[in-house]
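Peer 1: This is the structure I want to talk about, given as structure tokens.
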Amino acid sequence: MGRLIVEQIVSVDGFATDADGGISFFEAIEDFNATDADQLEMLEGVEAMLLGRITYEMFAAYWPTADPAIEPVATPIARLAKHVVSNTLTDAPWGDDAPARIHRGDGVAAARALSDSLDGGVIVWGSLTLADGLLRAGAVDELRLRIVPVLIGAGRTFTPPDLGVRRLALDHAVTHPSGHVGLHYRLR
């Protein structure tokens, strides 16, 4: 049985998107992926990615042609099995590679079934609606926060407002020369 990992990139004040739903604050980090050995190490134990439709569309537009010399995570991302939760997509192409498998209906059930079918991890990047459901359901094994050193004042938090209190156990923290911090928590 695999583990389910949710990773969010957030501002210091806890927002995953700005007030208009954008993520331009990510650009505050120069060379975000180039020095992130911790991200590459985590991906060694991951077999699949599961994304919501919006994040899938952003990823599919960028990662299939990303240059591994510039984006070191492009190589492990390319090898991952791709999955997307959507009730509207009819196909989910991924560049020249095999398309992502579409899961309809309950994203939590899809995530649990996928995780149960694998020995390694399943990573959910962004995908705020899907991540909300997974957090509410207590289905997340690991929460990874990549904190961008900016304050944006308003936006969409990375957790649902009705989550309630959840205790986390800090696994480790990593600081990066770019100024961002990685916090890695265990949830169960």
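Peer 1: Taking a spot 7 Å from the Cα of Ala19 along the direction of its beta carbon, which residues of the stretch 147-184 have an amide N less than 17 Å from it?
Peer 2: Residues passing the 17 Å test: 151-157.
Peer 1: On to the next question. Which FRET efficiency, nearest 0.05, do Glu27 and Ala78 yield, Cβ-Cβ r, R0 35 Å?
Peer 2: The calculated FRET efficiency here is 0.90.
Peer 1: Sticking with this one: Work through the residues other than His103 whose Cβ is under 12 Å from its Cβ and net out their charges, Lys, Arg +1 and Asp, Glu -1. Kindly include the intermediate steps, with their values, before the conclusion.
Peer 2: On the way: positive: Arg53, Lys82, Arg101, Arg104, Arg112; negative: Asp106.
Residues near His103 contribute +4 overall.
Peer 1: Let me ask something else. Using Cα-Cα distances under 8 Å and only pairs 6 or more residues apart, what relative contact order does the stretch 17-105 have, in percent?
Peer 2: Computed value for the stretch 17-105: 26 percent relative contact order.
Peer 1: Which three extents, in angstrom, do the Cα atoms of the stretch 1-91 have along their principal axes, listed largest first?
Peer 2: Projected onto its principal axes, the Cα set of the stretch 1-91 covers 34, 33, 29 Å.
Peer 1: Can you show me the helix-derived [θ] at 222 nm for the chain, built from DSSP H runs with n ≥ 4 at -39,500 (n - 2.57) apiece and divided by the number of residues, rounded to the nearest 500.
Peer 2: Taken over the chain, the calculation gives -6500 deg cm²/dmol.
Peer 1: Can you give the extra length, in nm with one decimal, that the chain gains between Thr129 and Leu40 once fully stretched, where that is 0.36 nm per residue apart less the Cα-Cα distance?
Peer 2: 29.5 nm
Peer 1: In whole Hz, what ³J(HN,Hα) sequence does the stretch 109-125 give by Karplus (6.51, -1.76, 1.60; θ = phi - 60°), x for Gly and Pro?
Peer 2: 4, 5, 5, 5, 5, 5, 4, 5, 8, 10, 8, x, x, 10, 9, 10, 9
Peer 1: Then there's this: Where does the chain land on the Kirkwood hydrodynamic radius, alpha-carbon pairs, in angstrom?
Peer 2: About 16.8 Å, per the Kirkwood formula over Cα pairs.
Peer 1: Something else now. Per 0.36 nm of contour for each residue apart, how much would the distance between Asp106 and Ala173 grow if the chain were fully extended, relative to their Cα-Cα spacing? Provide the component values of the computation, followed by the final result.
Peer 2: Working: separation 67, 0.36 × 67 = 24.12 nm, distance 3.23 nm.
So the extension gain works out to 20.9 nm.
Peer 1: Sticking with this one: Calculate how many DSSP beta bridges within the chain are antiparallel, expressed in % of all such bridges and rounded to the nearest 5.
Peer 2: Counting only bridges with both partners in the chain, antiparallel ones make up about 40 percent.
Peer 1: Next question, about the same structure. For a quick check of your reading of the filter: which trypsin sites (Lys or Arg not before Pro) in the stretch 1-105 sit in a DSSP loop and have no more than 13 other Cβ atoms within 10 Å? Present the calculation step by step, with values, prior to reporting the outcome.
Peer 2: On the way: sites: Arg3, Arg53, Arg79, Lys82, Arg101, Arg104; in loops: Arg3, Arg104.
Sparse-neighbourhood loop trypsin sites (Lys or Arg not before Pro): Arg104.
Peer 1: Oh, and also: Once you list every other residue whose beta carbon is under 11 Å from the beta carbon of Asp162, what net charge do they have if Lys and Arg are +1 and Asp and Glu are -1? Display every interim value, and only then the final one.
Peer 2: On the way: positive: Arg136; negative: Asp132.
Value of the local net charge: 0.
Peer 1: Right, something else. When the chain is fully extended, how far beyond the present Cα-Cα distance does Val165 get from Asp97, taking 0.36 nm per residue of separation? Don't jump to the answer; show the numbers that get you there.
Peer 2: On the way: separation 68, 0.36 × 68 = 24.48 nm, distance 4.09 nm.
The span from Val165 to Asp97 would gain 20.4 nm if fully extended.
None of the figures in this text is laboratory data; all of them are computed from the coordinates on show. Keep in mind the model is a prediction, meaning the values are calculated, not measured. Positions of Cβ are backbone-derived with ideal geometry, glycine not excepted, and every protein chain shown enters the neighbour counts.
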